[in-house]
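What follows is one structure encoded as C-alpha cells, with my remarks underneath.
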Amino acid sequence: ITKIDEDERSFEIAKGMVKMLHSAGYKVLAEGVERETQVEKVKELGIERIQGYYYARPMNEAALIEFLKNN
C-alpha cells in the first residue's frame, strides 16, 4: 500500500492480488494506509477494510473508547 498512489506498477500488483482474493471468496484488509490518496486507491480496488495512521495512531484501551465515542 505504501506506493499504491504513486507507482502504477504497485497499483497493478495490488489490483491483481485483490482480484485473486475476491475470486477465492475473501474480504481484503489494506493495512498501513497513511494518506488520503492511498485511501482513494484502496477504495478504487474494492478493498473492504482499511487500517492505518490515516484514521488513527495506535492507542491504549481508554484512548480507543474515547476515540470511538467521538468518531
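Test of understanding: among Lys43, Lys27, which residue is open to solvent by 60 Å² or more (accessible area, probe 1.4 Å) and part of a helix (DSSP H, G or I)?
Lys43
Based on this model, can you work out whether Arg9 counts as charged (D, E, K, R), without any contact (Cβ under 8 Å) to a residue 24 or more places away in the chain, loosely packed, with under 13 Cβ neighbours inside 10 Å and not in a helix (DSSP H, G or I)?
Considered against the rule, which asks whether it is charged (D, E, K, R), without any contact (Cβ under 8 Å) to a residue 24 or more places away in the chain, loosely packed, with under 13 Cβ neighbours inside 10 Å and not in a helix (DSSP H, G or I), Arg9 comes out as no.
Looking at the range 48-71, I want the residues that are open to solvent by less than 80 Å² (accessible area, probe 1.4 Å) and have a partner that is among the basic types (Lys, Arg) and not in a helix (DSSP H, G or I) with Cβ atoms under 7 Å, at least 6 apart or on another chain. Which pairs are those?
Listed pairs, sorted by first residue: Glu48/Lys27.
So is Glu34 of a type in the set (D, E, K, R) and outside any loop (DSSP other than H, G, I, E, B) or not?
Values: of a type in the set (D, E, K, R): yes; outside any loop (DSSP other than H, G, I, E, B): no.
So Glu34 fails the test.
Need pairs with beta-carbon distance below 6 Å; first residue of a type in the set (A, V, I, L, M, F, W, C) and within the range 19-40, second part of a helix (DSSP H, G or I) and surrounded by 13 or more Cβ atoms within 10 Å (Cβ to Cβ); sequence gap 6+ or separate chains.
Final answer for the pair search is Val28/Val18; Val28/Leu21; Ala30/Val42; Val33/Val39.
The values are calculated or read from the model by the stated rules, or taken from the named source; none is laboratory data. Remember, it's a predicted structure, so these values are computed and weren't measured experimentally. In this analysis, Cβ positions are derived from the backbone assuming ideal geometry, glycine residues included, and neighbour counts consider all displayed protein chains. The accessibility values were calculated without ligands, DNA or RNA, using every heavy atom of the protein model including side chains. Shrake-Rupley method; radii C 1.70, N 1.55, O 1.52, S 1.80 Å.
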